[in-house]
Each structure stands twice: as structure tokens, then as C-alpha cells.
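Readers should treat all values here as calculations from the given coordinates under stated rules, not as data from a laboratory. Because the structure is a prediction, the values reported are computed rather than measured. Here the Cβ is made from the backbone with ideal geometry for all residues, glycine too, and neighbour counts use every protein chain on show.
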Amino acid sequence: MTKYAFYPGCVMPTEQYAYEVSIREVLPLLNIDLVDVEGFSCCGEPMKSMNQLMTLYLSARNLALAEKQNLDLFVPCPMCHLSLSECQRVMESNTEMRDRVNSMLASEDLQYNGSIDVVHTVNLLHDHIGTEEIKKHVKKSLSGLKIATHYGCHLIRPSEVGRPVDSENPQKMETILKVLGAEPMDYPEKLDCCGAMLSANHPESALTKTGQKLQKVQEQGFDVFVDVCPWCHRMFDSKQVKAGETVAVKLEIPVMYLTQLLGLALGVKKEKLGLELNLSPVDKLKLGDK
Amino acid sequence: MGIVDLTSMAEGQTTLRNEINERLLKLKSEISDYCFQCAKCTSGCEAHKLLELEPHKVVALLKRGLIDELVNSDVIWTCMSCFKCRERCPQKVAPVEILFALKNMAVASGKQIPGKYTAMLQSILSIGLIQDVQTVSTRDNKTKKRDDLGLPEVSKPVDAVKFQTAITKLAVEKV
Ligand code: SF4
Ligand code: SF4
């Protein structure tokens, strides 16, 4: 078993339970041991528009807490992953800022040393575990399943900060899904944003972005839309009906977290993957019905 | 202490404002000169079609020193942080980073903060997370909580007071 400290962030552990349930169920089957750590806070990324220093401080604080565990950090949310990666970059390149942040962290007996890596679901599966290993565990092929993937903006950009996946032609999820027997296919709107970041102050426009993308996905006849971000999933799955209203289309697209679909392929019962929490019509898929 | 009290603490805000102003002037002198107004950023901007954000114009206005005008405009709050402009700019200008600095300035200047940002900050101040644990519903309308699903307690700051002290400082002043 390889150990990782588990950084849940805000959105997943307070609302997007299907992601967390499926992660906790599936990763141990692939010999990953997740260690829960006390005391984490928000990564700070949602506060970037208000106060970037706060973003940096909060990220550094979480990294410092994880360092105490002496374990690399598993971060399933792309927003958190970007925030923590950007923080590492600033702290490595700007010693003045690093000293300043460390002096603030001292009040909680914390210090940033930069000794650990942060890993997202996609590169954990693709690069650390590897598709060869995943292949060994497949119990039920997803053959014939036509899949549209959505990576989420923060997972692929800005590449300057160092992202786990290519910014213009991300293919790591596709590689994983092919190993599961499925047929992922590119589509013109693949890199389009879900709009979630506008939910705070332009909720209608945020939903319109979601609706526009899903409408195109539906028109192209995909069986399922797969994502790896709790913010994106909240838009595409939890708010799909409302998103459809903004573009005057009845949307009926099954949306799943990659870890849920992976779980089904590994033979995990659907009750254990939080599938009852998906509000999109995932029953259409007729998978795992045994 | 709520954000309303925080933003009215004039002295701390002055230091914060000066610092953000320095950041903006640096962006103006170091970055905006590289921009040749090709508008590639705007052509791919996720907020452009829907909300008329034109990142290349933001860069042009910054170059002309119209910082107050930008800080006071609503349009800076339409960016959805997709980072396409930063990724694709042939000159390595990052309009999205200029927009973050402008919004930071608007907040530090006591402008009205739009939407749910204040609520998120208040929640971070009180529990460390942007929202507290929610009860959700299943497709067949049953309600579920974390423990119904066998999930452990959420990780949050252990010593809330120490955590709040640090964040409050950050919200009002240069540390
Ligand atoms: S910021 Fe970059 S992409 Fe945008 S107009 Fe200027 S040079 Fe072109
Ligand atoms: S980050 Fe903002 S300004 Fe840049 S392309 Fe995306 S929405 Fe437009």
C-alpha cells in the first residue's frame, strides 16, 4: 500500500459526497492508503478575487499541516490542486514572501518547508498507479460506452504553474477509460468551462455556461459525461435540470465522477459508489445492476 | 467580527490598498507593454460571449493608467477564472491576473462586494471552510448526511481562535 495524506477541501466534504465515497471505496482496491488529517481549512482559491494574500496563506497553511505527516498529499479538487501548486511555486521562488507567510504560520506552530508533492485523482491514477496496474483489477469491461470527459479549467491551466494534464489536448482520463474498455471521444466543446466560478455573483450566467456545454454533449449522442471536480460536478450533475432551462433544452445526460465509473469497472457494487447521490439520470446506463 | 466591520477598518485597509496598488503598477509597467492587442485572449474568453468581458481591453486600459475606472467597473467581476487568456497569450501577458489584482483592490477600497463572496469569507472565518456540511438528497428524494454514508468527520481547523486571528489580520492589514 502507498500512503497519501488526504486533503478534502471544502466542496467535496460538505456536499459532493459521491466523489468522496467513491474515492474512499476505490483507491484502496488499487493499493492506495488514504490518511485523514485533522485541522485542514479551505485552500484559499475561492478567495482569490477578494484577497490573494489570503489564498496564499491558506494554501501554505494546509501544505504545512500535511508536511507534518511526511506524506504526499492527495487532492481530489482541481481548484485546491491549483491553489496548492501555485503556492508551492511562489514559496520556492520568492523567499521574501516565504518568510512573511512563515512568520504568520508560526502562530499555529506551523512552517512551510516545501517537502511534499500534491497529487490529483487523474495523475494519481494515470501516473502513480498506472494503467497497467488498473488493467489487472478490471472485473467488468465498460465496452461500448461512449464517454465525453471534462477535466475542469483548474486542472489543465495555467500550465506555467505545472498542471497534471496537458492544457490543450488532455488525454489522461481517455487513456484510463480505454483501459476500462470504454470509448472516450473528443468533442469540440471539451475544453469549455462549466461556469461554476460565476455562481457566486452571476448564477444565471454560470448555469448558462453549463447548459450550453451539456446541450452540445447531448446532441452528439454520448452515453455518459465524466468529470473529476466537485465544482464542475455540482454544475453538470446537481444542477443539470436548471442548466437545461437556461438553454431551453431538456437535458438527460448521465454525469459521473471518474472514480464512480472506475469503481463499476472494478466490480464494486453501485450502492458503495454513492451513485444514488447523482441527480442526473445515471440509471439509464444499466451498469452494475446485479 | 464580520466582513463589514473588517472592511471599514480604515487604517489597515490603507496599507493593504498601497500594497495592491504597487502590484497593479508593477503589472502595468512590466506586463502591459508586451501586449500588442492581438485580442487572442478575448477570442477564447469564456466570459466574452455571455457577459461581454474583453480581456485585451482590460490590458489596454491598465496600460493607459485607468486603474480607478477598472476597479469601479462591474465587468471585472464577470471573469470566471478559466485561465485561457493566461494560457494562450503569445506574449505571456496574463489578463486574468490583472483582473484578480483589480478585484482585490475593489475589495480593499471598501467597494460593495458582489454576490456570495462575503458569505464565503464569513464562513471561512468561523469554521475554516467556505460552507458547512450540508444534508443532500438522493435521486429518489431521500436525505443523506455524511455519517449516513459512512464518511468520517470533516477536517477543520482545530483551534478556531488561533485560525481566526490569523485570517482576520489578513483581511484587514499588511502583516
Ligand atoms: S493580452 Fe496577450 S492575447 Fe491579449 S491582446 Fe494582449 S498580447 Fe494579445
Ligand atoms: S480567465 Fe477570465 S478573462 Fe481570462 S479568458 Fe477566462 S474568463 Fe476570460
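Some observations on this one:
- Anisotropy class of region A:140-285 from Cα gyration tensor, a/c 1.5 cut: oblate
- All Cα pairs of region B:4-108, percent lying beyond 19 Å: 42 percent
- Partnerless cysteines, meaning none of the other Cys C-beta atoms lie under 4.7 Å away, in chain B: B:35, B:38, B:45, B:79, B:89
- For chain A, the Cys residues with no second cysteine's beta carbon closer than 4.7 Å are A:10, A:42, A:87.
- Rounded, prolate or oblate (a/c below 1.5 giving rounded, otherwise prolate when a/b exceeds b/c) for region B:115-174 by Cα gyration tensor: oblate
- Sequence of A:20, A:160 once ranked by neighbouring C-beta atoms within 10 Å, starting from the fewest: A:160, A:20
- GluC sites (Glu not before Pro), loop per DSSP, at most 13 other Cβ atoms within 10 Å - longest free stretch of chain B: B:53-152
- Within the shell defined by Cβ-Cβ distances under 11 Å, the residues around residue A:170 carry a net charge of 0, with Lys and Arg each +1 and Asp and Glu each -1.
- Per-residue ellipticity at 222 nm, computed for chain A from helices alone with -39500 (n - 2.57) per DSSP H run of at least four residues, works out to -11000 deg cm²/dmol.
- Principal-axis tilt of helix A:17-26 within chain A, Cα atoms, nearest 10 degrees: 90 degrees
- Degrees between helix A:203-219 axis and first principal axis of chain A (Cα, 0 to 90, nearest 10): 40 degrees
- Near residue A:225: Cβ cut-off under 14 Å, other residues only, Lys/Arg at +1 and Asp/Glu at -1. The net charge is -3.
- Count Lys and Arg as plus one, Asp and Glu as minus one, and take only other residues whose Cβ is under 13 Å from that of residue B:31; the net charge is then +3.
- Cα-based shape type of region A:117-161, given that a ≥ b ≥ c are square roots of the gyration tensor eigenvalues and the cut on a/c is 1.5: oblate
- Cross-link check: pairs A:286/B:142; A:250/A:284; B:63/B:116 evaluated at a Cα-Cα cut-off of 23 Å; pairs beyond the cut-off: B:63/B:116.
- Most simply put, the protein assembly as shown has about 10% antiparallel DSSP beta bridges, counting only bridges with both residues inside it.
- Selected from A:84, A:50, A:103, residue furthest toward positive end of dipole (region A:38-110; charges at beta carbon): A:50
- Among A:231, B:77, a tally of other beta-carbon atoms within 10 Å of each Cβ gives an order, fewest to most, of B:77, A:231.
- Taking other Cβ atoms within 10 Å as a rough exposure proxy, B:155, A:107 sort from fewest to most as A:107, B:155.
- On Cα atoms only, tilt of A:52-67 relative to the major axis of chain A in degrees: 90 degrees
- Spatial extent of region A:72-212: Rg and Dmax, with the Cα atoms as the point set, Å: 18.5, 56
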